[in-house]
Amino acid sequence: MTSSPGNAFDLLIVGAGINGAGLARDAAGRGLKVLLVEQGDIAGATSSASTKLIHGGLRYLEHREFGLVRESLAEREALRAIAPHLVREQRFVIPHSPDQRPRWMIRLGLALYDGLARGSSLKRAEALALRGTPFGEPLRPAFTHGFAYSDLVTDDARLTLLNAFSAAQLGAQVRTRTRLVAARRAGAEWRAVLQAADGAQQECAARILVNAGGPWAAQLHRALSSGGATLRLVRGSHIVVPRRCAGEQAYLLQNDDRRIVFVIPFEGEFSLIGTTESTVDAPAAAQGAEADEVAYLCKAVSRYFAAPLDAARVVWSFSGIRGLFDDGREDASAVSRECRLLLEGGPGEPPLLSVFGGKLTTYRRLAERMLDTLGPWLPGLRPSWSAKVHLPGGGLGPGGLNGLLLELARRHPKLPPELLLDLARRHGTLAARVLGPAQTEAELGECFGGSLYAAEVDYMIANEWAREADDILWRRTKCGLKADEAARGRLAGYLSGKVTAAASSA
Ligand SMILES: Cc1cc2nc3c(=O)[nH]c(=O)nc-3n(C[C@H](O)[C@H](O)[C@H](O)COP(=O)(O)OP(=O)(O)OC[C@H]3O[C@@H](n4cnc5c(N)ncnc54)[C@H](O)[C@@H]3O)c2cc1C
């Protein structure tokens, strides 16, 4: 096993989901020496398999989680300000179904939601007549009334990635495909053993160890501590189908089991539909949906939409696992989404901080809270800063995304507007770096499907830790939806050549 003096850190963070990446950014920006390790790809687990909402969580009001909803709504504004290229306002239509929650209850819930979002820049909720309107058009004629409200949608994997990218720009070391296999306390520090994908092991030292292992957090906690935290692992699946309706609206459908199913415009030509909810025994990286989950979602949609949906229409599916702190409740939907922090370490001992649960929406506040919790071990820590500084590519200026698009079109007049839009959404102002001097599609190199060209692949290898085809097709972009089998194979071949060349020149 090798170790070197450069392998000593203030903070070793295990897990580059949104919680680990968000903490790495915040801590590196406050001058701490940070190492972030991830056993797979950045956002390779839950943080690429969410519903992709930056939201207060309308249904958490039913469970009286007012504090969580208020904090999440405040974060909605913060993320809109720091990552305007990655979030956009989404209008949701709730078709009213008389056998579900009564109309007064929804009206009251929405008023409360808007009230808790004091000072919000999003459009307020309203009651709607659906018959003969574009919002009612795709629905069965029985749905004559409804409501509309607003939240934000994002790209969860890219949000996570940009936090890791920003952390690295601020001096953090980010090592993907590197697993923490063991750690022990040695005096005032942790000694950790890290294992790379090729099996090589390396030791590093850190003053503080953070367990941000998502669904693996309880497992990691048991390996690192004598305590025995338990997590309720709740799997949720989504399907992607050809677009269900014209227009930009999404739908929130109330289901018979009192759960809700979202139908959200996705990547232009598609709709994202989710989620299911079932308890599982073991954590796993993101996978596809099971047949019964697909059937459940198709049935929920067919109940509301005039055109029924069946499994044959599914072009992609994915599922993720929430690790919820087990508070002993029967119903998975009722277990709190509130995050739990567990700090362990006596006087003179290096601390272990574990994160259980949480939401994509609140990662930034969670990072602040984690550093506050670690305050006694971090004397003189600089104050919080992350609410005021754009994520990479987010400094769009007063013209917003449209302003950036105009500028890109001015500099690259021969490139198709749809390509520029995709790049602007993925990279914000950094799209200029991806494009470089290229003026034509041919100058961007080989096309691997949709708007994915070799120039962007090269950028992602150099700056975004991309190593395998899936890293790019399904996480850093969603071009997998448009790449056929042959294009995927060509991308895999291209990547293996590039990655091998990079490794041998390193
Ligand atoms: C179906 C579903 C829908 C959701 N929708 C939303 C939503 O719309 N909005 C919202 O705000 N929230 C949503 N959430 C919640 C949100 O997605 C999660 O709270 C969040 O992604 C969890 O992030 P994380 O960093 O804790 O975990 P993860 O993203 O799972 O990251 C943990 C990482 O730790 C790594 N790891 C584990 N063990 C080790 C080890 N030993 N060494 C190295 N690395 C290790 C794993 O590989 C993994 O990448 C949803 C969750 C689910 C499941």
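The values are calculated or read from the model by the stated rules, or taken from the named source; none is laboratory data. Keep in mind that what you see is a predicted model, and the values were worked out from it rather than measured. Positions of Cβ are generated from backbone atoms using ideal geometry, with glycine treated the same way; all protein chains shown enter the neighbour counts. SASA here: full protein model, heavy atoms, side chains in, ligands and nucleic acids out. Shrake-Rupley method; radii C 1.70, N 1.55, O 1.52, S 1.80 Å.
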### Task
Identify all residues within region 235-253 that are in contact with a Ser or Thr (Cβ under 6 Å, 6 or more places away or on another chain) and either of a type in the set (S, T, N, Q) or within 30 Å of Glu344 (Cα to Cα) (or both); write none if there are none.
Arg235, Ser237
### Message
Please count how many residues of region 128-183 are open to solvent by 50 Å² or more (accessible area, probe 1.4 Å) and free of Cβ contacts under 8 Å to residues at least 40 places away in the same chain.
### Response
5
## Note on the structure
Within region 263-280, residues being more than 17 Å from Leu481 (Cα to Cα) and open to solvent by 20 Å² or more (accessible area, probe 1.4 Å) number 4
### Query
List pairs: first in region 79-107 and at negative phi, second open to solvent by 20 Å² or more (accessible area, probe 1.4 Å) and of a type in the set (Lys, Arg), Cβ under 6 Å, 6+ apart or cross-chain?
Val87/Arg80; His96/Arg103
### Query
Can you find a residue in region 394-410 that is of a type in the set (D, E, K, R), closer than 19 Å to Val457 by Cβ and at pLDDT 95 or above?
no
#### Entry: Single residue of Asp114, Asp41 found to be part of a loop (DSSP other than H, G, I, E, B) and either of a type in the set (Asp, Glu) or within 14 Å of the ligand (Cβ to nearest atom) (or both)
Asp41
### Task
List every residue pair whose Cβ atoms sit under 6 Å apart, with the two residues 6 or more apart in sequence or on different chains, where the first one lies in region 45-56 and is within 6 Å of the ligand (Cβ to nearest atom) and the second, anywhere, is modelled with pLDDT of 95 or more and part of a helix (DSSP H, G or I).
Ala45/Gly214; Thr46/Gly214; Ser47/Ile18; Ser47/Asp156; Ser47/Thr160; Ser50/Asp156; Lys52/Asp156
### Message
Any residue that is β-branched (Val, Ile, Thr), open to solvent by 60 Å² or more (accessible area, probe 1.4 Å) and either in contact with a helix residue (DSSP H, G or I) (Cβ under 7 Å, 6 or more places away or on another chain) or modelled with pLDDT under 95 (or both) - is there at least one of those in region 285-295?
### Response
no
### Task
Restrict the check to region 58-75 and report whether at least one residue is modelled with pLDDT of 95 or more, away from the ligand (no atom under 15 Å from the Cβ) and under 24 Å from the mean Cα position of the chain (by Cα).
no
### Query
Residue check, Gly31 against (1) closer than 21 Å to Lys388 by Cα; (2) part of a loop (DSSP other than H, G, I, E, B); (3) within 11 Å of the ligand (Cβ to nearest atom); (4) modelled with pLDDT of 95 or more, all met but one. Which one?
(3)
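So, in region 184-199, exactly how many residues are open to solvent by 50 Å² or more (accessible area, probe 1.4 Å) and within 27 Å of the chain's Cα centre (by Cα)?
Just the residues of region 184-199 that are open to solvent by 50 Å² or more (accessible area, probe 1.4 Å), to begin with: 184-185, 187-189, 191, 195, 197-198.
Next, from what is left, pick out any that are within 27 Å of the chain's Cα centre (by Cα): 195, 197.
Final tally of qualifying residues: 2.
Only one residue in Gln254, Gln202 is polar (S, T, N, Q), open to solvent by 50 Å² or more (accessible area, probe 1.4 Å), more than 11 Å from the ligand (Cβ to nearest atom) and touching a residue at least 12 places away in the same chain (Cβ under 8 Å), so which one is that?
The match here is Gln202.
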### Task
Looking for whichever is surrounded by fewer than 20 Cβ atoms within 10 Å (Cβ to Cβ) and in contact with a Cys (Cβ under 9 Å, 6 or more places away or on another chain) here; the options are Ala454, Ala432, Ala492. Which one fits?
Ala454
### Residues satisfying the stated conditions in region 380-432, i.e. part of a helix (DSSP H, G or I), within 21 Å of Arg475 (Cβ to Cβ) and among the hydrophobic types (A, V, I, L, M, F, W, C)
Leu419, Leu421, Leu423, Ala424, Leu430, Ala431
### Task
List every residue pair whose Cβ atoms lie under 6 Å apart, where the two residues are 6 or more positions apart in sequence or sit on different chains, the first residue falls within region 353-367 and is under 9 Å from Cys339 (Cβ atoms) and modelled with pLDDT of 95 or more, and the second residue, located anywhere, is of a type in the set (D, E, K, R) and near the ligand (Cβ under 10 Å from one of its atoms).
Thr362/Glu75
### Query
Can you find a residue in region 271-280 that is more than 10 Å from the ligand (Cβ to nearest atom), at pLDDT 95 or above, more than 19 Å from Ser48 (Cβ to Cβ) and in contact with a strand residue (DSSP E or B) (Cβ under 8 Å, 6 or more places away or on another chain)?
no
### Message
For region 249-268, which positions are at pLDDT below 95 and either under 18 Å from the mean Cα position of the chain (by Cα) or over 21 Å from Arg101 (Cα atoms) (or both)?
### Response
Gly268
### Task
Identify the residue in region 44-74 that is assigned to a helix (DSSP H, G or I) and hydroxyl-bearing (Ser, Thr, Tyr) and, among all such residues, is most open to solvent (accessible area, probe 1.4 Å).
Thr46
### Task
Could you please let me know if Arg207 is touching an Asp or Glu at 6+ places or on another chain (Cβ under 6 Å), in a strand (DSSP E or B), among the basic types (Lys, Arg) and away from the ligand (no atom under 14 Å from the Cβ)?
yes
### Message
Is it the case, given these coordinates, that Val234 is more than 12 Å from the ligand (Cβ to nearest atom), under 25 Å from Asp151 (Cα atoms), open to solvent by less than 20 Å² (accessible area, probe 1.4 Å) and among the β-branched types (Val, Ile, Thr)?
### Response
no
### Query
Name the pairs whose Cβ atoms lie under 8 Å apart, with the first residue in region 215-242 and without any contact (Cβ under 8 Å) to a residue 12 or more places away in the chain, the second within 11 Å of the ligand (Cβ to nearest atom), and 6 or more positions between them or separate chains?
Gly228/His221
